[in-house]
Amino acid sequence: MERLRSSPLHANISTALDKHLDAIHVVQARRKDEIVSASTRQRHGPPRCQDERVVLALAVALRALSLATRNVRTMLWCAFHMTLPK
């Protein structure tokens, strides 16, 4: 889009994209933690409290990803309309 405009877009757009990417990485890390927790629980028996913390951390990360996705969609919509010819 920056190439179409021949000028850089607003800094908030790149910031929103960076936050979205960070949120994706956090969700991936929490999901890996959940998988490791589930595999150790199968081997050693159910430590229930620890497992719930892992799932809650994943839920919090998914909520943050949802918010970041909404922000990115809005920013990209704005950037798209800024690049349209007048």
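The values are calculated or read from the model by the stated rules, or taken from the named source; none is laboratory data. Keep in mind that what you see is a predicted model, and the values were worked out from it rather than measured. Backbone-built Cβ (ideal geometry, glycine too); neighbour counts: all protein chains shown.
Sort out which residues of segment 65-86 are touching a helix residue (DSSP H, G or I) at 6+ places or on another chain (Cβ under 7 Å) and either among the small types (Gly, Ala, Ser) or not in a helix (DSSP H, G or I) (or both), and write them in order of number. Write out each step before concluding.
Taking segment 65-86 first, the residues touching a helix residue (DSSP H, G or I) at 6+ places or on another chain (Cβ under 7 Å) are 65, 68-69, 71-72, 75, 79, 82-83.
Passing the criteria: Ala68, Ala79.
Modelled with pLDDT under 95 and touching an Asp or Glu at 6+ places or on another chain (Cβ under 6 Å) - does that describe any residue in segment 7-16? Yes; the residues of segment 7-16 include at least one that is modelled with pLDDT under 95 and touching an Asp or Glu at 6+ places or on another chain (Cβ under 6 Å).
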